[in-house]
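Before any comments, here is the structure.
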Amino acid sequence: MIRRKLDNEGPDRLYTLTRGRSRADHHQLDLVTLIVSRAEPTRGMQSEHVRILQLCRSPTAVVEISADLALPVSVVKVLLSDMLDAGQLSARNPSATRIGTSLPDADFLRKVLVGLENL
Amino acid sequence: MDSRISDRHLPGRAPLHETAAEGVKIVVVGGFGVGKTTLVGAVSEIRPLSTEEVMTQAGAGVDDNSGAAGKTTTTVAFDFGRITLDEELVLYLFGAPGQERFWFLWDKLFAGTLGAVVLVDTRRISDSWYAIDRLEHHGTPFVVACNNFPGSTVDLTAVRDALSLSEDVPLIDCDARDRQSAKRVLLALVNRLYALTSARETTP
């Protein structure tokens, strides 16, 4: 269903949504970066921005926003970067130590184990 | 006059707690129909969601302003679920296809992932060879889980041989539909990570 929606829209709409930009590197947004709103939507705002501000009243991962907006992850990252730059959102990134290929520390893994045991 | 904008598009799922501070990733990799989404759904606190990522193939001109014409794009769809681990940690469990084009996007999507579960259909073991090879290439720790389809019997020793899996990689069987069974698979992976971390910390 999501595929069909994107296919129908074609790349032109995605291009317009992000005003032609395809990269959003400086915030280093991850799939699981948690986004939180710092503003309320206002009239005249781009509809995707309104949706994002509403969704992120509670912390919401980048990938969840992508699923809810039915937009590819990279397009959502561009939208989020603009809104972060404008101070409308804040981002909670994964710890730097867990970026890359190094193993996480034992304390962190113990927390994950406890959380899974409690399922 | 109420100027508040309608919330009609909000999703129905439960929101995360305000204190949620850090997302963690685990990826379930497997061939088509092996039960990735089933396993994700068995442990997820939300109904699995799906989305996609689009990649413009290398070779397309980055300064080509002539529009989309001539560019080759690859789309990879994947689904995911969510498990709140504690007040701060939230685990996102991704179900990802193991086919070749997917691995071009691995670094973009799954850099920093804790580890992976390779979900195997014992009737189509060769489907998993490529995924295991790629995970080893990326240095991603993993466990292998055989999904027990009704009527199938699993000889784990034979599966280990067929996958040329080294003895230290955990190999377990599971029922991807069963919450406790799916939970055991995730615990096997995190215990594996814990063992690797402990080994590293005691190595001078």
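Every read-out reported here was derived from the displayed coordinates using simple, explicitly stated rules and does not represent laboratory data. Everything numeric here is computed off the predicted structure, so don't read it as measured data. Every residue, glycine as well, gets a Cβ built from its backbone with ideal geometry; the counts of neighbours run over all protein chains shown.
What is the Cα radius of gyration of the stretch B:159-204 over 2.2 N^0.38 Å, N being its residue count?
Its radius of gyration relative to the 2.2 N^0.38 Å reference: 1.40.
Counting only the backbone N, which residues of the stretch B:153-181 are under 17 Å from the spot 7 Å out from the Cα of B:Arg123 toward its beta-carbon? B:153-155, B:174-177, by backbone N distance to the label point. Estimated from helices alone, the mean residue ellipticity of chain B at 222 nm is -8000 deg cm²/dmol (sum of -39500 (n - 2.57) over DSSP H runs with n ≥ 4, per residue). Remark: for residue pairs B:Lys25/B:Lys183; A:Lys77/B:Lys183; A:Lys111/B:Lys108; B:Lys108/B:Lys183, the C-alpha separation exceeds 21 Å in A:Lys77/B:Lys183; A:Lys111/B:Lys108; B:Lys108/B:Lys183.
A protection proxy built from the mean count of other Cβ atoms within 10 Å ranks the segments B:118-130, A:71-83, B:167-179, most packed first, as A:71-83, B:118-130, B:167-179.
For the segment B:134-145, counting C-beta atoms of other chains within 10 Å of every residue's C-beta and taking the mean gives 1.
In this rough spin-label picture, where each label sits 7 Å from Cα along the Cβ direction, the B:Arg47-B:Leu10 distance is 1.8 nm.
Each residue, A:Ser95 and A:Val36, gets one label point 7 Å from its Cα in the Cβ direction; the gap between the two is 1.8 nm. P(r) tail, chain B: Cα-Cα pairs separated by more than 32 Å, 26% of all pairs. Quick check: Cα centre of the stretch A:34-72 to Cα centre of the stretch B:125-204, how many Å? Each part reduced to its Cα centre gives a spacing of 37 Å. For the peptide B:79-89, the mean number of other protein chain Cβ atoms found within 10 angstrom of a residue's Cβ is 4. Could you name the aspartates and glutamates whose alpha carbon sits less than 12 Å from that of B:Lys36, not counting residues in the same chain fewer than 8 places away? Here the aspartates and glutamates satisfying the reach criterion relative to B:Lys36 are B:Asp79, B:Asp121, B:Asp175.
Would you please state which residues of the stretch B:25-56 a label at B:Phe149 would reach in this model, taking the label point 7 Å out along Cα→Cβ and a backbone N cut-off of under 12 Å? Under cut-off, by backbone N: B:31-35. The mean number of Cβ atoms from other chains found within 10 Å of a Cβ in peptide B:44-54 is 5, as a whole number.
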